[in-house]
Amino acid sequence: MAKNKSRDVDTSDWSISSFEFDGSNKFSIKKAPNKIEPLYDSKKDYKQKLRSIVKRIDELLEIMYAQNRHGLLLVFQAMDAAGKDGTIKRLLTGVNPATVQVYSFKKPSDEELDHGYLWRIIQRMPERGRLGVFNRSYYEEVLVVRVHPEILTEYQQLPVELTENTEEVFESRFDQIRNFEQYATGNGIKVVKFFLNVSEEEQRQRLIARLDDPDKHWKFSTGDVDEREHWPAYMTAFEDCINATAATHAPWYAIPADDKLNMRLLVAATTLAELESMSIDWPEADKKLIANMESIRSRLAK
């Protein structure tokens, strides 16, 4: 486990564990909060706390990068306008870019559709020694595709006999995802998944705000409005997905997302806690280097 330094922010009373689902407790979308009491006193206090947490994350990532034996993958899933982009941006601001790999998954290309859905994912998995961040992920295959099964039957080019029972397809994909995350863990990459739990009303207000701000028109999509009509189906899909794939080696965190500042603090604190739970430490010096230390010093002194 990584050696701890003193931290400016004590997050022990933030109840991070209450948002964790590791398969030992059942996730209920109706019971999951969209908002909690603020963890900050002011905008200035929020910035100071976030900066302190991210500084510690950066220190641990440097150690993990040097050791080059472990990796951590953060997966972000949410409804549109929940704040994935902004949260990832704030989490990584101040972190050494060499220790991080970020990828945003869009609609699959024709080439990607010619392969299994995990094909493009495997190519983007973080290397050992790095923090990987997925903005959306393979979970789209049991979320969006489940809400819109016509994607499965009409666009994914699977043999007809494999899609006759769509629910069996998704149960099979849950198995595949569990196996994939077990495989990642068995190769030194821990998987941590965030569901940014925004309420339907808060999402509505954020979409309207995008319409009202010309600088944010590029972020607006009429498709986001169309998907709101399927809100209950998405909530069912998220609940089933989390319950089917939560595990101790690949936990889900259902983060209240109506308060963006709180959400960012919780995501950062959770990331820090996961890093601190990993067996990372500075690698020992090469034995040959240690044996020849004095000789090397004398050569450098010339």
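Taken over segment 222-260, the criterion of being among the aliphatic types (A, V, I, L, M) and not in a helix (DSSP H, G or I) is satisfied by ALA246, ALA247, ALA250, ALA254, ILE255, ALA257.
Scanning segment 202-221 for residues that are of a type in the set (Phe, Trp, Tyr) and either within 24 Å of ARG146 (Cβ to Cβ) or part of a helix (DSSP H, G or I) (or both) gives a single hit, TRP218. With the condition kept exactly as written, say whether any residue in segment 141-150 is within 22 Å of MET79 (Cα to Cα), surrounded by 15 or more Cβ atoms within 10 Å (Cβ to Cβ), in contact with a His (Cβ under 7 Å, 6 or more places away or on another chain) and touching a residue at least 24 places away in the same chain (Cβ under 8 Å). Within segment 141-150, one or more residues are within 22 Å of MET79 (Cα to Cα), surrounded by 15 or more Cβ atoms within 10 Å (Cβ to Cβ), in contact with a His (Cβ under 7 Å, 6 or more places away or on another chain) and touching a residue at least 24 places away in the same chain (Cβ under 8 Å). Looking at segment 57-94, which of the residues that are assigned to a helix (DSSP H, G or I) and among the hydroxyl-bearing types (Ser, Thr, Tyr) is farthest from PHE105 (Cα to Cα)? Applying the filter and picking the extreme gives TYR65. Listed by first and then second residue, the pairs linking a residue in segment 75-100 that is closer than 30 Å to ASP226 by Cα and free of Cβ contacts under 8 Å to residues at least 40 places away in the same chain to a residue that is among the acidic types (Asp, Glu) and crowded, with 23+ Cβ neighbours inside 10 Å, with Cβ atoms under 7 Å apart and 6 or more places separating them unless they lie on different chains, form an empty list. For segment 27-56, the candidate set comprises residues that are in a loop (DSSP other than H, G, I, E, B) and among the small types (Gly, Ala, Ser); within that set, the residue that is nearest to ALA268 (Cα to Cα) is SER42.
Are any of the residues in segment 107-125 closer than 23 Å to ILE189 by Cβ and part of a strand (DSSP E or B)? Scanning segment 107-125 turns up no residue that is closer than 23 Å to ILE189 by Cβ and part of a strand (DSSP E or B). Is it the case that some residue within segment 272-289 is closer than 29 Å to TYR117 by Cβ, in contact (Cβ under 8 Å) with a residue 24 or more places away in the chain and among the charged types (D, E, K, R)? Yes; the residues of segment 272-289 include at least one that is closer than 29 Å to TYR117 by Cβ, in contact (Cβ under 8 Å) with a residue 24 or more places away in the chain and among the charged types (D, E, K, R).
Quick check: anything in segment 120-132 within 22 Å of the chain's Cα centre (by Cα) and over 29 Å from GLY83 (Cβ atoms)? Within segment 120-132 (the criterion being within 22 Å of the chain's Cα centre (by Cα) and over 29 Å from GLY83 (Cβ atoms)), the answer is yes, since at least one residue qualifies. Being in a loop (DSSP other than H, G, I, E, B) and either surrounded by 14 or more Cβ atoms within 10 Å (Cβ to Cβ) or of a type in the set (Val, Ile, Thr) (or both) is the filter here, so list the residues in segment 160-201 that pass it. Across segment 160-201, the qualifying residues are THR163, GLY188, VAL198, SER199.
Only one of these conditions is not met by LEU152: (1) modelled with pLDDT under 95; (2) of a type outside the set (Ser, Thr, Tyr); (3) not in a helix (DSSP H, G or I). Which number is it? Among (1) modelled with pLDDT under 95; (2) of a type outside the set (Ser, Thr, Tyr); (3) not in a helix (DSSP H, G or I), LEU152 violates only (3). Out of curiosity, is ARG120 over 30 Å from ASP58 (Cα atoms), crowded, with 17+ Cβ neighbours inside 10 Å and not acidic (Asp, Glu)? Against the criterion (over 30 Å from ASP58 (Cα atoms), crowded, with 17+ Cβ neighbours inside 10 Å and not acidic (Asp, Glu)), ARG120 does not qualify. Among the residues of segment 106-129, those that are under 19 Å from HIS70 (Cα atoms) and without any contact (Cβ under 8 Å) to a residue 60 or more places away in the chain comprise ILE121, ILE122, GLN123, ARG124, GLU127. Remark: pairs (first residue in segment 26-42, closer than 16 Å to SER15 by Cα; second residue buried (at least 18 other Cβ atoms within 10 Å of the Cβ) and of a type in the set (Gly, Ala, Ser); Cβ separation under 6 Å; 6+ apart in sequence or on different chains) = ALA32/ALA254.
Cβ-Cβ contacts under 6 Å between residues 6 or more apart (or on different chains), taken from a first residue in segment 208-230 that is more than 19 Å from LYS106 (Cα to Cα) and in contact (Cβ under 8 Å) with a residue 12 or more places away in the chain to a second residue that is assigned to a helix (DSSP H, G or I) and among the charged types (D, E, K, R), are listed as ARG210/LYS216; ARG210/LYS219. Residues of segment 1-40 that are of a type in the set (D, E, K, R), closer than 21 Å to LEU91 by Cβ and modelled with pLDDT of 95 or more: GLU20, LYS35. Determine if segment 224-241 includes at least one residue that is surrounded by 17 or more Cβ atoms within 10 Å (Cβ to Cβ), of a type in the set (Val, Ile, Thr) and closer than 23 Å to LYS30 by Cα. The answer is no; no qualifying residue exists.
Cβ-Cβ distances below 6 Å connect the following pairs, each with a first residue in segment 239-263 that is within 14 Å of GLN77 (Cβ to Cβ), a second residue that is among the polar types (S, T, N, Q) and outside any helix (DSSP H, G or I), and a separation of six or more residues or different chains: ALA254/ASN197; ALA257/ASN197.
The values are calculated or read from the model by the stated rules, or taken from the named source; none is laboratory data. Note that the coordinates shown come from a computational prediction; the quantities given were computed from them, not determined experimentally. Because the Cβ atoms are built from the backbone with ideal geometry, glycine has one as well, and the counts that use them run over all protein chains shown.
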